[in-house]
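S.K.: Pasting a structure here, questions to come.
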Amino acid sequence: MSRRFLIPGLVILTVLSFIFLGDISTQTPQRQPQPTDTSSGIRASALTGLQHRDLAGERREFKQQRREYFESMHKAAPGTDWKAMDEATRARLTAERAQERRVLRNRGQDPDMQPLILTGKREARGIWTEKGSNNLAGRMHTTTVHEGSIYAGSSGGIVWRGSVAGENWTPLNDWLRMPSIATVEILPQGGSHRIVVFHNGPSLVHYSDDEGLDWIPATGLNGPDSWGSPIRAELLGDAAQTLFLAAQEWNYADWNEAVGFYRSADRGASFQQLQLFDVGKALVDIWCPPGEDSPGYLIQDKTLFSFDQAGILTPVGTLPAAHASSAVTRTHLRGRTTADGADLYIAFSMNDGTSLIYSALSGGSAMAYRGVAPEGTFMNNSFEVSQEKDGELYIGGVDAYRSINGGQSWIRVNHWYEYYDNMVGRLHADIPGIHIYHDGTSEKVLVSTDGGIFSSGNGLVSVQNISLAGMRISQYYDVYTHQTQPEVVFAGAQDQGFQRSLGDDGGIMDFQQTISGDYAHLVSGNGGSSIWCVYPGFAMYYPNAVNSTSAQFWDFTVSGQYWLPPLMADPSNPARCWLGGGSSGSGDHLVALNSVSGNITATEQSHDFGDRISALAFSPLQTAHRYVMTGNGNFHYSTNGGGSWTQSPAFSGPEGHYFHGATIVPSPEDPETVWIGGSGYSNPPVYVSADHGQSFSALADGLPSTLVYMMDVSDNGQWLFAATEVGPYVLNLDETTWQPIAGTGAPDQVYWSVEWVEALQVARFATYGRGIWDFAVDTGSPASEDLPLVSHFDLRAAPNPFNPISKISFEIGQAGPVQLDLYNVRGAKVAEVFRGHLEPGRHEKNLEGYRLASGIYLLRLHAGGRHEDLRVTLVK
């Protein structure tokens, strides 16, 4: 059902960058102070022409608080290994998806161009369409360059390939998410190459010899795979293409964190541990020069080693470091090849927000302290050294800096907020990666930011955004579609702020960012003409969300609520909404927010719900029926518009998540039916009540034990959709079993929100790392026809994408009637391309798109009682 009636509490999940020993998910974190100063500072900068204020310190504090909430999100009973449960579910779904891809390829079809759910056993089948954003990229982790192409790892666990000019960005592993990509290496061999990806997911390493059609897991990394993550991988550059890896793991003998040093002699297919250092991952890094005869280098705490092709470590020396090892949060080792050995530079990111720079020149024979960089590093790839310019270093934190004197002094590339006045020529905030490459003429620098990839040909004196078109990696928290103008879409993203798109031509949409930061819980009391949402520190209201960027704000005066507390639109007044607190004193209360004469006033309600509020909603059929769920799983209902509340007796449902809450979905058909969802590791993730919430029963058949972040229901009450950590699911409410619906048409991602868009008849999902995707449920032709698929038709379209004509070719084995039809994403036939009798052999027909809108279509060929499908894209 559309959220013009229902505002469930969206639950937010991020891919954890840290893996913990034990079950920290069961521990209640200390209540964090709300970042009021941060929100006010960022808001003022965003709304007043980006005033020249350096807010880096505030942003660091904000991100640290957000990270702490991320780390404590997975709630489960003591002893429950939620990570293993999710990994097992993903492994099963990946195996099913891989099998479907093999079937498609055996039929001669491209699995990456297949929008249909193919398995006939599923009750719900349909077509997936990617919707955005096409112009606002999210976080990139790392880049590398091979033969004019950039290979980059995004936060959503996707490897992207594009030209060095930023054209033709293509995802290479949508069907297999590789979370928290640390390194991407390209190993050429003959006329081809191997892509090797180091990441946090199962096996830690995958490689592909066919540009991502197949990904093969590496072996030999059971230690860091079971507990840990890659720190850095390096290619030695020898003829055998020996790979080395430093990885965090656990020393089970001494029961402490350790770092394993690994070697692969078969180009990433398998790894062998060479040594285990009893130190934390913050104190180790490796670097290999590009030359064939050059040794590699490893730093462990303050000791520098070299190593040969066999991985034998030889001590080089000890840095003259006066700092305490316990104060180091991250260690970086980078270098530059010289005639008398490598000039090495070490950056220690410190817990005071700075970085200490040391040098080990001439292969380590001369070691010295160089100076202090003004920021700590953002991630492991945030420090780099020029290969051509002596003493030119680059470091990235909130902002990026360059040094031309070996780290003694630093020049800021630009203030992060300058990006919003010049998205082409100013770096976005937060710098996860910096990479140097040579294009055959000169040295280039690639900078990975929380807003995509930037390129520089002059050592970061100037930069150019090469990710403004086609780098579709937005990290969305929530999406709201205008109910009567479905071409208008609002979105809340991490770091990319509050966004809106005012036009939809059927393809991937562009979005306008109206304010920076993190925004979620988009709600409206008038179908999208106005929008309420929250930031971690204030609520924001757009009275005219479609035509104006003028906003009103209310800084939180309550504390103890979720990081992004849930909102509920008021069913009788669009200028009012309800926020789940928190309290200005003690307890956990609802707060009524009212927009009056351009200002927001707040009234804290008296009822104490006993735990922080994780979700709230009202019945669209009986708006006086209100529902509240709390983080401990308790459910409360009201029959008088919130005048009084009753807790459901003897029921403890799914718990909420410290970051963002849970979800409540009242039925659009039955006033007594309500569904709830949340953490499902120690109990069912979804329950249903048939008596207004007085009692509940589990509704989880077919749904894995995972996190359900948001649910929504179609307006006819037939389909209940769930956005979960392991993908999108749907329940036909005439049946009893949930089913996964990603198939081969949607990416393997964390799905954070879902809304039913009645005007389009689609379930619109938001993902954390691959943008927005629509699922159009098939209710008839073409997807549900029970005709066998075949491969001998060899159905092709060239060009594809096309504008306005594509030549369709196919081959039939016997004479007979042939029908070639074109369908839109909602399953409606929009064109009859050909109908008639054909003789055996290959045939060509023209598909004309003059009268069609841009977008994705399904081409279906019928012949001899069989059919074959092909996705085609019209781009005008």
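The values are calculated or read from the model by the stated rules, or taken from the named source; none is laboratory data. Being a predicted model, the structure only gives us computed values, none of them experimental. A quick note on method: Cβ atoms are made from the backbone with ideal geometry, for glycine too, and the neighbour counts reach across all protein chains shown. Note: accessible area is taken over every heavy atom of the protein model, side chains too, but ligands, DNA and RNA are not part of it. Shrake-Rupley method; radii C 1.70, N 1.55, O 1.52, S 1.80 Å.
S.K.: Put one equal scatterer on each alpha carbon of the range 645-747, apply the Debye formula with no solvent term, and list log10 I(q)/I(0) at q = 0.11, 0.13, 0.17 1/Å to two decimals.
M.R.: Log10 I(q)/I(0), no solvent term: -0.31, -0.44, -0.75.
S.K.: Now, a different point. From the backbone phi of the range 405-420, what are the Karplus-calculated ³J(HN,Hα) couplings (6.51 cos²θ - 1.76 cosθ + 1.60, θ = phi - 60°) in whole Hz, Gly and Pro given as x?
M.R.: 10, x, x, 6, 9, 9, 10, 6, 5, 6, 5, 4, 6, 5, 4, 6
S.K.: Right, another one. How long are the semi-axes of the ellipsoid equivalent to the range 622-704, from square roots of 5 times the Cα gyration tensor eigenvalues, in whole Å, largest first?
M.R.: Square roots of five times the eigenvalues give 20, 15, 11 Å.
S.K.: Once you charge only the Cβ atoms, +1 for Lys and Arg and -1 for Asp and Glu, what is the size of the charge dipole of the range 383-467 about its Cα centre, to the nearest 20 debye?
M.R.: Result for the range 383-467 is approximately 80 debye, rounded to the nearest 20.
S.K.: Considering only DSSP states other than H, G, I, E and B, which GluC sites (Glu not before Pro) in the range 607-680 qualify as loop sites with at most 11 other Cβ atoms within 10 Å?
M.R.: none
S.K.: What translational D, rounded to a whole number of µm²/s, comes out for the range 561-620 from Stokes-Einstein when the hydrodynamic radius is the Kirkwood one over Cα pairs, at 10 °C and 1.306 mPa s?
M.R.: Using the Kirkwood radius from Cα pairs, D works out to 133 µm²/s.
S.K.: What is the distance in Å between the Cα centroid of the range 613-646 and that of the range 441-503?
M.R.: 38 Å
S.K.: Answer rounded, prolate or oblate for the range 182-262, using the Cα gyration tensor with square roots of eigenvalues a ≥ b ≥ c: rounded when a/c is under 1.5, else prolate when a/b is larger than b/c, else oblate.
M.R.: Prolate, because a/c is 1.5 or more and a/b exceeds b/c.
S.K.: Please list 3J(HN,Hα) in residue order for the range 854-868, calculated via the Karplus relation 6.51 cos²θ - 1.76 cosθ + 1.60 where θ = phi - 60°; whole Hz, with x for glycine and proline.
M.R.: With the stated coefficients, the range 854-868 comes to 4, x, 9, 10, 10, 9, 10, 9, 10, 6, x, x, 10, 8, 9 Hz.
S.K.: Further, regarding this structure: Hey, which of these cross-link pairs are over 26 Å Cα-Cα: Lys75/Lys131; Lys131/Lys845; Lys131/Lys829; Lys444/Lys876; Lys807/Lys829?
M.R.: Over 26 Å apart, Cα to Cα: Lys75/Lys131; Lys131/Lys845; Lys444/Lys876.
S.K.: Mind ranking 740-750, 324-334 by how tightly packed they are, going by the mean number of other C-beta atoms within 10 angstrom, highest first?
M.R.: Put in order of decreasing packing, that is 740-750, 324-334.
S.K.: Further question on the same structure: Name the residues whose placed amide hydrogens come within less than 5 Å of the amide hydrogen of Gly220, ignoring near sequence neighbours (fewer than 5 apart) on the same chain.
M.R.: Counting only residues 5 or more places away or on other chains, the set is Phe271.
S.K.: Which whole-number value in Å² is the accessible area per residue of the chain, probe 1.4 Å?
M.R.: Ligands and nucleic acids excluded, the figure is 33 Å² per residue.
S.K.: Which FRET efficiency, nearest 0.05, do Ala815 and Ser854 yield, Cβ-Cβ r, R0 30 Å?
M.R.: Here the calculated transfer efficiency is 0.25.
S.K.: In the chain, with Lys and Arg counted as +1 and Asp and Glu as -1 at Cβ, which of these residues, Tyr562, Ala520, Tyr823, has the Cα nearest the positive end of the dipole, that is, farthest along it?
M.R.: Highest projection toward the positive end goes to Tyr823.
S.K.: Using alpha carbons only, how many angstrom separate the centre of the range 297-344 from the centre of the range 555-612?
M.R.: What the calculation gives is 53 Å, centre to centre.
S.K.: Which of Trp738, Ile346, Tyr252 sits farthest toward the positive end of the charge dipole of the chain, with +1 on the Cβ of Lys and Arg and -1 on the Cβ of Asp and Glu?
M.R.: Ranked along the dipole, the leading option is Trp738.
S.K.: Taking 7 Å along the Cα-to-C-beta vector as the label spot, tell me the Ser548-Asn458 distance in nanometres, rounded to one decimal.
M.R.: Between Ser548 and Asn458, the label points sit 4.2 nm apart.
S.K.: Now, a different point. Using a ≥ b ≥ c from the Cα gyration tensor of the chain (square roots of the eigenvalues), is it rounded, prolate or oblate, where a/c under 1.5 gives rounded and otherwise the larger of a/b and b/c decides, a/b for prolate?
M.R.: oblate
S.K.: Describe numerically, in nm with one decimal, the distance between label points set 7 Å from Cα along Cα→Cβ at Ser695 and at Asn732.
M.R.: Between Ser695 and Asn732, the simple spin-label model gives 2.9 nm.
S.K.: Follow-up question, since we're still on this one. Residues with amide H under 5 Å of Asn632's amide H, sequence separation 5 or more or different chain, H placed in the peptide plane at 1.01 Å from N; which?
M.R.: Long-range HN contacts for Asn632: Gly656.
S.K.: Next up: Give a residue-ordered list of calculated ³J(HN,Hα) values for the range 292-299 (Karplus: 6.51 cos²θ - 1.76 cosθ + 1.60, θ = phi - 60°; whole Hz; x for Gly, Pro).
M.R.: With the stated coefficients, the range 292-299 comes to 5, 9, 8, x, x, 9, 9, 10 Hz.
S.K.: Which far-off residues, 5 or more places away or on another chain, put their amide H under 5 Å from the one on Ala342, with H placed in the peptide plane?
M.R.: Gly363
S.K.: Of all DSSP beta bridges in the chain, what percent run antiparallel (nearest 5)?
M.R.: Taking every DSSP beta bridge within the chain, about 95 percent pair in antiparallel fashion.
S.K.: Could you work out what % of the accessible surface of the chain is carbon and sulfur, using a 1.4 angstrom probe and leaving DNA, RNA and ligands out of the count?
M.R.: Roughly 47 percent, rounded to a whole number.
S.K.: Put +1 on the Cβ of each Lys and Arg and -1 on the Cβ of each Asp and Glu in the range 291-338; which of Gly291, Leu313, His323 then has its Cα farthest toward the positive end of the dipole?
M.R.: The residue sitting most towards the positive pole is His323.
S.K.: If the cut-off is a Cα-Cα distance under 16 Å, which lysines reach Lys302, setting aside same-chain residues fewer than 8 apart in sequence?
M.R.: Lys281
S.K.: Using the Kirkwood radius built from alpha carbon pairs, what does the Stokes-Einstein equation give as D for the range 406-464 at 10 °C and 1.306 mPa s, in µm² per second?
M.R.: Translational diffusion coefficient: 132 µm²/s.
S.K.: State whether the range 231-374 is rounded, prolate or oblate according to the following rule on the C-alpha gyration tensor (a ≥ b ≥ c being the square roots of its eigenvalues): a/c under 1.5 gives rounded; otherwise a/b larger than b/c gives prolate, and the remaining case gives oblate.
M.R.: oblate
S.K.: What is the magnitude of the charge dipole of the chain about its Cα centre, with +1 placed on the Cβ of each Lys and Arg, -1 on the Cβ of each Asp and Glu, and no other charges, expressed in debye to the nearest 20?
M.R.: 840 debye
S.K.: Between Val372 and Ala759, what is 0.36 nm times their sequence separation minus the Cα-Cα distance? Round to one decimal in nm.
M.R.: Full extension from Val372 to Ala759 adds 133.6 nm.
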